[in-house]
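J.: Quick one: the structure is below, questions incoming.
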Amino acid sequence: MIEPDTIKLLRECDAGVKMGVAAINDVLDYVHDEDLKQYLTNCKNENDKLDTEIQEELDRYEDEGKDPNPIAKGMSWMKTNVKLVMNESDSTIADLITDGCNMGVKSLNRYLNQYKAADEKSKDITKRLINLEERLAIDIRRFL
């Protein structure tokens, strides 16, 4: 049956987008380099566009989506703030965001493999989100 896998995959994308946007919001005020700020802002905007698309698909299935795991979100926030207090630099920010991107790519690929019966549209959304995360990690390498 396609529908349950489609909804589950969309929920994971929903949680991933929310987690990514929150992570970017947590660091954006600390960024010094304008290029890094632009990369993060562009990625956030792309995440917002994907989120709109995800919400439209979830609405079709009358599903409310999924928020990120509160423990994971809290741990991410704490790690970000501790690292920034110790070293408020663009290098620290690039390191944190790269770690987040890598975890997102890993998780989304796992869900893509787990929910094989999902429809092609939700798989496409997932792949675009994975590509967005991979591209950001590559783009900000020079700030590490």
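J.: Looking at the range 55-131, which chymotrypsin sites (Phe, Trp or Tyr not before Pro) are in a loop (DSSP not H, G, I, E or B) and have at most 16 other Cβ atoms within 10 Å?
T.: Numbers: sites: TYR61, TRP77, TYR111, TYR115; in loops: TYR61, TYR115.
Answer in residue order: TYR61.
J.: Which of the GluC sites (Glu not before Pro) across the range 70-141 are loop residues per DSSP, with 16 or fewer other Cβ within 10 Å? Intermediate results must be reported in sequence, preceding the final value.
T.: Details: sites: GLU88, GLU120, GLU133, GLU134; in loops: GLU88.
Answer in residue order: GLU88.
J.: Just from its helices, what would the mean residue ellipticity at 222 nm be for the chain, if runs of 4 or more DSSP H residues each count -39500 (n - 2.57) and the sum is divided by every residue, rounded to the nearest 500 deg cm²/dmol? Mind dumping the intermediate values first?
T.: On the way: 5 runs with 116 residues, N = 144.
Counting only the DSSP helices, I get -28500 deg cm²/dmol.
J.: Between the alpha-carbon centers of the range 78-141 and the range 13-54, tell me the distance in whole angstrom.
T.: Computed from Cα coordinates, the inter-centre distance equals 10 Å.
J.: What is the percent carbon and sulfur in the accessible area of the chain, measuring with a 1.4 Å probe over the protein chains and ignoring ligands?
T.: Carbon and sulfur atoms account for 51 percent of the accessible area of the chain.
J.: Please give the per residue accessible area of the chain, computed with a probe of 1.4 Å over protein heavy atoms only, in Å².
T.: Values: 8150 Å² over 144 residues.
Ligands and nucleic acids excluded, the result is 57 Å² per residue.
J.: Among residues other than GLU64 whose Cβ falls under 12 Å from its Cβ, what is the net charge (Lys/Arg +1, Asp/Glu -1)? Walk me through the intermediate numbers first.
T.: Details: positive: ARG11, LYS66; negative: ASP14, ASP59, GLU62, ASP63, ASP67.
Once positives and negatives cancel, what remains is -3.
J.: Continuing with this model, one more query. Which of the GluC sites (Glu not before Pro) found in the range 1-72 are loop residues per DSSP with 15 or fewer other Cβ atoms within 10 Å of their Cβ?
T.: Numbers: sites: GLU12, GLU34, GLU46, GLU53, GLU56, GLU57, GLU62, GLU64; in loops: GLU62, GLU64.
Passing both the DSSP loop test and the Cβ count: GLU62, GLU64.
J.: Okay, moving on. Filter the cross-link list LYS66/LYS116; LYS8/LYS83; LYS8/LYS79 down to pairs whose alpha-carbon distance in this structure exceeds 31 Å. Let's see the in-between values first.
T.: On the way: LYS66/LYS116 19 Å; LYS8/LYS83 33 Å; LYS8/LYS79 28 Å.
From the list (LYS66/LYS116; LYS8/LYS83; LYS8/LYS79), the Cα-Cα distance tops 31 Å for LYS8/LYS83.
J.: Under the rule a/c < 1.5 gives rounded, and otherwise a/b versus b/c splits prolate from oblate, where does the range 13-86 land using the Cα gyration tensor?
T.: Numbers: a/c = 5.22, a/b = 1.54, b/c = 3.40.
Taking the square roots of the gyration eigenvalues as a ≥ b ≥ c, the range 13-86 is oblate.
The values are calculated or read from the model by the stated rules, or taken from the named source; none is laboratory data. This is a predicted model, so every value here is computed, not measured. So basically every Cβ, Gly included, is an ideal-geometry build from the backbone, and we count neighbours across all protein chains shown. To get the accessible areas, we keep the full protein, side chains included, count just its heavy atoms, and leave off ligands, DNA and RNA. Shrake-Rupley method; radii C 1.70, N 1.55, O 1.52, S 1.80 Å.
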